[in-house]
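Remarks on the structure that follows.
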């Protein structure tokens, strides 16, 4: 078992060399450095805390809760429309796609299926590896 764990560590290091990983790290750094974005995130978090407190109070007015919920929606929209946040979400999605492909390969292996890139290839070019002869 130690050998497989050592290989997993090496594999993790290889993931960190991918463009997807590097681009995600750059996007995270830009988000961290964006003072306006962080101010908007703090505002959003403060509003979500406020609405939870209002809901927990027995004497809270529905209008105040509704108003705060509207403020939360506006704050969320402001955060998500930030250029750095948009870029981060794109890079995060790209990393998720890579990790889902990796997980799919590992799950296939654990389930005894033949491990190949064919199952990940959705183009009409599938079969180029000659393992499945183009048959899915």
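Restricting to the stretch 55-68, and then to whatever is touching a helix residue (DSSP H, G or I) at 6+ places or on another chain (Cβ under 8 Å) and exposed (fewer than 15 other Cβ atoms within 10 Å of the Cβ), can you tell me which residue is modelled with the highest pLDDT?
Top of the filtered list is 64.
Do you know which residues across the stretch 1-54 are out of contact with any helix residue (DSSP H, G or I) (no Cβ under 8 Å at 6 or more places or on another chain) and within 18 Å of residue 81 (Cα to Cα)?
Selection gives 29, 33, 35, 36, 39, 42, 45.
Can you tell me which residue within the stretch 77-114, out of those that are part of a helix (DSSP H, G or I), touching a residue at least 12 places away in the same chain (Cβ under 8 Å) and more than 17 Å from the chain's Cα centre (by Cα), is nearest to residue 25 (Cα to Cα)?
Top of the filtered list is 78.
For residue 113, which of the numbered conditions (1) out of contact with any helix residue (DSSP H, G or I) (no Cβ under 6 Å at 6 or more places or on another chain); (2) modelled with pLDDT under 90; (3) under 30 Å from residue 23 (Cβ atoms); (4) surrounded by 11 or more Cβ atoms within 10 Å (Cβ to Cβ) fails to hold?
(3)
From the residues in the stretch 1-37 that are farther than 22 Å from residue 106 by Cβ and loosely packed, with under 14 Cβ neighbours inside 10 Å, which one is nearest to the chain's Cα centre (by Cα)?
If we take residues in the stretch 1-37 being farther than 22 Å from residue 106 by Cβ and loosely packed, with under 14 Cβ neighbours inside 10 Å, then 25 is nearest to the chain's Cα centre (by Cα).
Going through the stretch 33-70 one residue at a time, which ones are under 30 Å from residue 88 (Cβ atoms) and part of a loop (DSSP other than H, G, I, E, B)?
34
The values are calculated or read from the model by the stated rules, or taken from the named source; none is laboratory data. Just so it is clear, the structure is predicted and the values come from calculations on it, not from any experiment. Don't worry about glycine lacking a Cβ; one is built from the backbone with ideal geometry, like all the others, and counts go over all protein chains shown.
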